[in-house]
Amino acid sequence: MESTHQLERFIDELRRRWPIARGSLCEVAKPCVRAGCAACAHGEKHLSFIFSYRKDGKQRCLYVPRELVPELRHAIHGGQWVESRMSELGAALVFAHRQRRQPTAPRPKQRKPKT
């Protein structure tokens with residue numbers, strides 16, 4: 001029964017934190033693609049955001065429009081919460097199993113060999 005209650009609490013919290021994402025968000029300075037850009041001609045670069053993530057074991061990057069940055073930051077924070085919570089739940093599962101199992105007979109102490 002306790003695991004059902006934990007699942008419901010986890011799903012409720014997940015809904016509150018939605019959307020979620022796994023990856024990182026970085027602000028980078030890059031030259032633009034426009035020919036004849038005055039800023040780029042003077043060596044200035046344009047600030048933009050890149051979302052870095054893994055897919056099929058390979059790192060991928062996507063340009064992120066500035067207006068999406070706050071929502072993506074929120075999603076990444078939610079994803080970090082999910083990963084942390086999953087670790088906590090895994091440890092709790094092991095501890096619960098240890099408490100449920102039958103107590104075993106104590107192991108005899110091993111003696112150190114005489115030298």
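Set the Förster distance to 22 Å, then compute FRET efficiency between residue 62 and residue 40 from the Cβ-Cβ distance, nearest 0.05. Present the calculation step by step, with values, prior to reporting the outcome.
Details: r = 22 Å, r/R0 = 1.00.
Calculated value: 0.50.
Could you pull out which residues in the range 1-24 have an amide N less than 16 Å from a spot 7 Å beyond the Cα of residue 74, following the Cα-Cβ vector?
From the range 1-24, the list is 13-22.
Once the Cα atoms of helix 69-100 and of the chain are each reduced to a long axis, what angle between those two axes, in degrees from 0 to 90 to the nearest 10, is obtained?
10 degrees
With no other cysteine's Cβ closer than 4.7 Å, which Cys residues of the chain count as lacking a disulfide-compatible partner?
26, 32, 61
Express the relative contact order of the chain as a whole percentage, based on alpha carbon pairs under 8 Å and six or more residues apart in sequence.
Reported as a whole number, the value is 26 percent.
Using all Cα-Cα distances in the range 22-90, what percent lands in each 10 angstrom bin from 0 up to the longest?
18, 35, 28, 13, 5, 1
Using a Förster distance of 22 Å, how high is the FRET efficiency between residue 14 and residue 101, based on the Cβ-Cβ distance and rounded to 0.05?
After rounding, the FRET efficiency stands at 0.15.
Going by alpha carbons, how many degrees (0 to 90, nearest 10) lie between the helix axis of 2-17 and the longest principal axis of the chain?
The answer is roughly 10 degrees.
How large are Rg and Dmax for the chain when calculated on the C-alpha trace, in angstrom?
Cα only, the chain: 25.3, 84 Å (Rg, Dmax).
Setting aside same-chain residues fewer than 8 positions from residue 45, which lysines have a Cα under 28 Å from its Cα?
The qualifying lysines are 30, 58.
Run the helix sum for the chain: -39,500 (n - 2.57) per DSSP H stretch of 4+ residues, divided by residue count, reported at 222 nm to the nearest 500 deg cm²/dmol.
Result for the chain, helices only: -15000 deg cm²/dmol.
No value in this document is a laboratory result; all are computed from the given coordinates. Remember, it's a predicted structure, so these values are computed and weren't measured experimentally. Don't worry about glycine lacking a Cβ; one is built from the backbone with ideal geometry, like all the others, and counts go over all protein chains shown.
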